[in-house]
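Visitor: Input: one structure, supplied below.
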Amino acid sequence: MIQGGLRGFRRPALIAIVAVVALGLSACNDKGGSTTGQQGSQPGAGDIAGLPVTHFESGLKPDAPKPDLKVRNEDGSEDDQLAIAAIADAQTYWTEVMPRDFGQQYEPLKSLLSYSARSDDEDTECGSVKGLVNAFYCPPDDSVAWDRGVLLPMLRERFGKMASAVVLAHELGHAVQYRLGEKANIKKNTPSIVKEQQADCFAGGYFRWVAEEKSKFYKLSTSEGLNQVMASLFLIRDQAGTSATKQGAHGTAFDRTYAFQVGFEKGPKECAAMNEENIKARITERPFDKGDKGKGDSKLDAEIIGILKKSLDEAFKGAGVPGPEITEDGNGSCSGGPSTPPASYCPSNNTVSIDMAKLRELAQPVDQEAEWKSGQSEGKGDFAAFSEIASRYAMGIQKGVGASIDNANAGLRTACLVGAWAKASTVPGATLRLSAGDLDEAISDLLSPESLVSADVNGKRVDNGFERIEALRKGYLESSSVCSTQYG
Ligand SMILES: [Zn+2]
């Protein structure tokens, strides 16, 4: 069997969030913005993990050298050029980094294979590539192979020219972990989720190096370019309901973007420190619970909005201010106030105004197969819709405690608070319980250009998907107090 492939196998996605009996829980102690303005050195609106925000077209540099690599079966296509440049580039990165961080020389890959899943049936030590829409590292012959027929063109057309570099940097990450062995906690029986998380993390380290302008081949802007990278990672997530212990598990989008961001922010040593134990403690990927009846998304109606409101009230009761009412009001705008349909926060009367019909469309289940094939799924899932409403609700809490609600920091703080609320919804007995796949619905929403989850009261948001995801993740993993300290 192919090991270390880029993506797991897919079945139709099934997503659910289930209402269960209420138990009180508190998640928020937002102290407001006034006391926390001295965090100048911390990431926040305006930098990307310590790098400046840059805007330019990402991809191969016009003066990129010609890679000196032998590739079996290559056809000179644009996708092969991008893939081969990415391998040459990432190998240069590892040639620099491995001696520095791990005290050993990087040995280049022994062989490379390009193939088309449409027509080719080349053999590798890991089996035939016939019909394989994937890319993979094959340990027995120390090779990397990629499908230039379906996978790479599809990713390039959808996400741009950085997408194939995401694929190849990940595969090279596997080659590196086999070279590091025990230094990277890799043994024969290491579960695939550990290897995959680490490979995503190593890829993150490489992309930081590119973003720092150290690459001869690629240039990567930290805004649109890094967005392409995050969106590519999102598409290749495992389907909802996969168990993290399943052989071949790669992680949810939440997990994959997390691992990537660790590598980007902290570098390869931190990736090598990943092991079964610390990954198990934080991984969000899990099968559906027995209680996830039907596995369909909740139908958005007055009853479920009531449950959502209760769940938000509980999560933010620590703030000590009244939570906004949620009212269905035609187009989801405030009369004479902010208009960010399908949900708006109206400061004048502390109300969240929602357009139920529009949110119901958004709440339709994710069709991961359709998304993979055509780039589109009708809905983003119920948790995407809940997150949009929760974000407007969180605006009311922030206003209540005297925090700013109309700037970039307010948008990121909102995403962070939505993450904290989502975490509160994982506790057994929570009013609204997070189920498998739900966090990825929030991330899917965050990555869409019109998402409210990271928007300020007027619907303005930071351009950068990396920052938006990071904010949500911080709230989820570190609790709501980090939201005010980080994005004060
Ligand atoms: Zn992999």
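Bear in mind these aren't lab numbers, they're just calculated from the coordinates by the rules spelled out. Remember, predicted model here, so these are calculated numbers, not experimental data. Methodologically, a virtual Cβ is constructed for each residue, glycine included, from the backbone with ideal geometry; neighbour enumeration extends over all protein chains shown.
Visitor: Provide H55, H174, H250 in ascending order of the number of other Cβ atoms located within 10 Å of each residue's Cβ, fewest first. Can you show the working numbers first?
Guide: Values: H55 11, H174 24, H250 29.
Least to most surrounded, the residues fall as H55, H174, H250.
Visitor: For R158 and S448 in one chain, what is 0.36 nm times their gap in residues minus the Cα-Cα distance, to one decimal in nm?
Guide: Full extension from R158 to S448 adds 103.1 nm.
Visitor: Within the stretch 301-344, whose backbone N sits under 16 Å from a point 7 Å along Cα→Cβ of A357?
Guide: Under cut-off, by backbone N: 301-302, 328-333, 341-343.
Visitor: Alpha carbon centre of the stretch 48-105 versus the stretch 113-160: separation in Å?
Guide: About 18 Å separates the Cα centre of the stretch 48-105 from the one of the stretch 113-160.
Visitor: Here is a further query. Compute the distance in nm between two label points, each set 7 Å from the Cα along the Cα-to-Cβ direction, one at E122 and one at E478.
Guide: Between E122 and E478, the label points sit 4.4 nm apart.
Visitor: Going by a ≥ b ≥ c, the root eigenvalues of the Cα gyration tensor, does the stretch 423-488 fall in the rounded group (a/c under 1.5), the prolate group (a/b larger than b/c) or the oblate group?
Guide: Oblate, because a/c is 1.5 or more while a/b does not exceed b/c.
Visitor: When a/c is below 1.5 the answer is rounded, else prolate if a/b is larger than b/c, else oblate, so apply that to the stretch 57-144 with a ≥ b ≥ c taken from the square roots of the Cα gyration tensor eigenvalues.
Guide: oblate
Visitor: Another question, then. Exposure proxy check: I305, I389 ranked by fewest other beta carbons within 10 Å? All intermediate terms of the calculation are to be shown ahead of the outcome.
Guide: Details: I305 20, I389 24.
Exposure proxy ranking, most exposed first: I305, I389.
Visitor: On to the next question. What FRET efficiency comes out for the pair D47/K130, r = Cβ-Cβ distance, R0 = 41 Å, nearest 0.05?
Guide: Efficiency, from the Cβ-Cβ distance: 0.30.
Visitor: What list of ³J(HN,Hα) values in whole Hz, one per residue of the stretch 251-259 in order, does the Karplus curve 6.51 cos²θ - 1.76 cosθ + 1.60 (θ = phi - 60°) give from phi, with Gly and Pro shown as x?
Guide: So the Karplus estimates, Gly and Pro as x, are x, 6, 4, 4, 5, 5, 5, 4, 4 Hz.
Visitor: Each residue of the stretch 388-400 in order: what ³J(HN,Hα) in whole Hz does its phi give by Karplus 6.51 cos²θ - 1.76 cosθ + 1.60, θ = phi - 60°, with x for Gly and Pro?
Guide: Per residue, the Karplus-derived 3J(HN,Hα) values read 4, 5, 4, 5, 6, 4, 4, 4, x, 5, 5, 4, x Hz.
Visitor: Still on this structure, I have one more. Only loop residues by DSSP count here, and only those with at most 16 other Cβ atoms within 10 Å; note down the GluC sites (Glu not before Pro) in the stretch 87-136 that meet that.
Guide: Working: sites: E96, E122, E125; in loops: E122, E125.
Passing both the DSSP loop test and the Cβ count: E122, E125.
Visitor: Mind running the shape call on the stretch 390-450? Use the C-alpha gyration tensor, a ≥ b ≥ c as the square roots of the eigenvalues: rounded below 1.5 for a/c, prolate if a/b tops b/c, oblate otherwise.
Guide: oblate
Visitor: Could you tell me the calculated FRET efficiency between K266 and S335, based on Cβ-Cβ distance and R0 = 60 angstrom, to the nearest 0.05?
Guide: The calculated FRET efficiency here is 0.80.
Visitor: What FRET efficiency would be calculated for the residue pair A370, R100, taking the C-beta separation as r and a Förster radius of 60 Å, to the nearest 0.05?
Guide: 0.85
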